Amino acid sequence: MNNICIVIPYFGKWPRYLSFFLKSCSYNSKFIDYIIFTDNDFPLGGPSNVKFYEMSMNYFNELASQKLNIDISITDPYKLCDFKPSYGTIFSEYIYNYDYWGHGDLDLILGNLSKFLKGVIAQDYHIISLRKEWVSGSFCLYRNTTEINNLFRCSKSVPSVFLNDHHYSFTECMHLWDQLIKGFDILKIDYYESMTYLIQKKSLEGELKYYHNTVIKESIDRKDFVCFNNGRVLDSKNCEYAFYHYITEKNKFKFFFPIWENVPDKFYIDSTGFYTESEWNNLLYRFIFRISRRVSGFKKFISYYLNRYIVN
């Protein structure tokens, strides 16, 4: 067992990118554990540091209601995003042996996490976010203490956020991403007390030690690419990242997820999707596939637009 674990409840059909995530987890097997609660069949042959537990959405609601002392009734799995900071309390029986626990997502290609986190953890931070501007919902670590695990309760927004079906982005910044990227001070807004607001405020007051630095990649422009190379994530300029999060690309019509029987130890990703090393190195093949994926994506977009706005 490692000293760090990431907790992920996931309900509904497995995403098409699960195998890529598990492959990247295998390269972090001696540093970090993943604990996944799901109502799906467990994948076969997963890495040793990924542990699956059977759980239904209804049972999650019962457990969360008991632990939080609030009547929780989630119907849409996406709403779980607002509950991430409370996982240390909800899943306390599963994480008590770890020094740090965290929340995360499956739409990640993990790199060499120990390279980016070992030195930070050694400095005894209470909370470690891998984005500078806000608490990273896709990966954030919390010191496993009673005080830190219950930090979310200090927000006056919690009751309304947890009891409402609306997605507030409570874990991050209450949808203030664009403003924070431009340098806006979140502490000037106190009517929505997101985790970013709460943590920054308590950090400035000296109540906790907060690390927040952007060491992740979350978009690929047309001239860029990501290379996963035996547990490392690199871009076209050979800059290394803790992970690649395809939050920007995964829902684009031109972005292609292949069905590989065995995910290779080295592959490439650009704005049109995944390529094996041989596919990537064949310039003619890559050119043809990029064009075909863009054309296919455009056709899918037209079909989607017609079905949503014309036919209906």
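The values are calculated or read from the model by the stated rules, or taken from the named source; none is laboratory data. Small disclaimer: the values here were computed from a predicted structure and weren't measured. Note: ideal-geometry Cβ built from the backbone for every residue, glycine included; neighbour counts use all protein chains shown. Please note that ligands, DNA and RNA were not included when accessible areas were found on the heavy atoms of the full protein model with its side chains. Shrake-Rupley method; radii C 1.70, N 1.55, O 1.52, S 1.80 Å.
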Selected residue (only one of Ile95, Ile72 is surrounded by 19 or more Cβ atoms within 10 Å (Cβ to Cβ) and touching a helix residue (DSSP H, G or I) at 6+ places or on another chain (Cβ under 6 Å)):
Ile72
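Would you say Asn164 is surrounded by fewer than 21 Cβ atoms within 10 Å (Cβ to Cβ), more than 21 Å from His212 (Cβ to Cβ) and either of a type in the set (S, T, N, Q) or within 20 Å of the chain's Cα centre (by Cα) (or both)?
Criteria met by Asn164.
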May I ask you to list pairs of residues, at least six apart or on different chains, whose Cβ atoms are under 6 Å apart, with the first in segment 107-136 being surrounded by fewer than 18 Cβ atoms within 10 Å (Cβ to Cβ) and the second being aliphatic (A, V, I, L, M) and modelled with pLDDT of 95 or more?
Val120/Ile128
Among the residues of segment 72-118, the number that are of a type outside the set (S, T, N, Q), part of a loop (DSSP other than H, G, I, E, B) and in contact with a Phe, Trp or Tyr (Cβ under 9 Å, 6 or more places away or on another chain) is 7
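Residues are listed down the side, and each one gets a yes or a no for (1) among the β-branched types (Val, Ile, Thr); (2) touching a strand residue (DSSP E or B) at 6+ places or on another chain (Cβ under 8 Å):
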residue	(1), (2)
Ser29	no, no
Thr38	yes, yes
Val50	yes, yes
Ser56	no, no
Tyr94	no, yes
Tyr98	no, yes
His103	no, yes
Asp107	no, yes
If I filter segment 220-247 down to residues being closer than 19 Å to Ile181 by Cα and open to solvent by 50 Å² or more (accessible area, probe 1.4 Å), which single residue comes out as nearest to the chain's Cα centre (by Cα)?
Ile247
Selected residue [basic (Lys, Arg), under 30 Å from Ile148 (Cβ atoms) and open to solvent by less than 80 Å² (accessible area, probe 1.4 Å)] from Lys217, Lys250:
Lys217
All but one of (1) without any contact (Cβ under 8 Å) to a residue 60 or more places away in the chain; (2) touching a Ser or Thr at 6+ places or on another chain (Cβ under 8 Å) hold for Asn58, so report the exception by its number.
(2)
Can you confirm whether Leu80 is modelled with pLDDT of 95 or more, crowded, with 20+ Cβ neighbours inside 10 Å and not small (Gly, Ala, Ser)?
yes
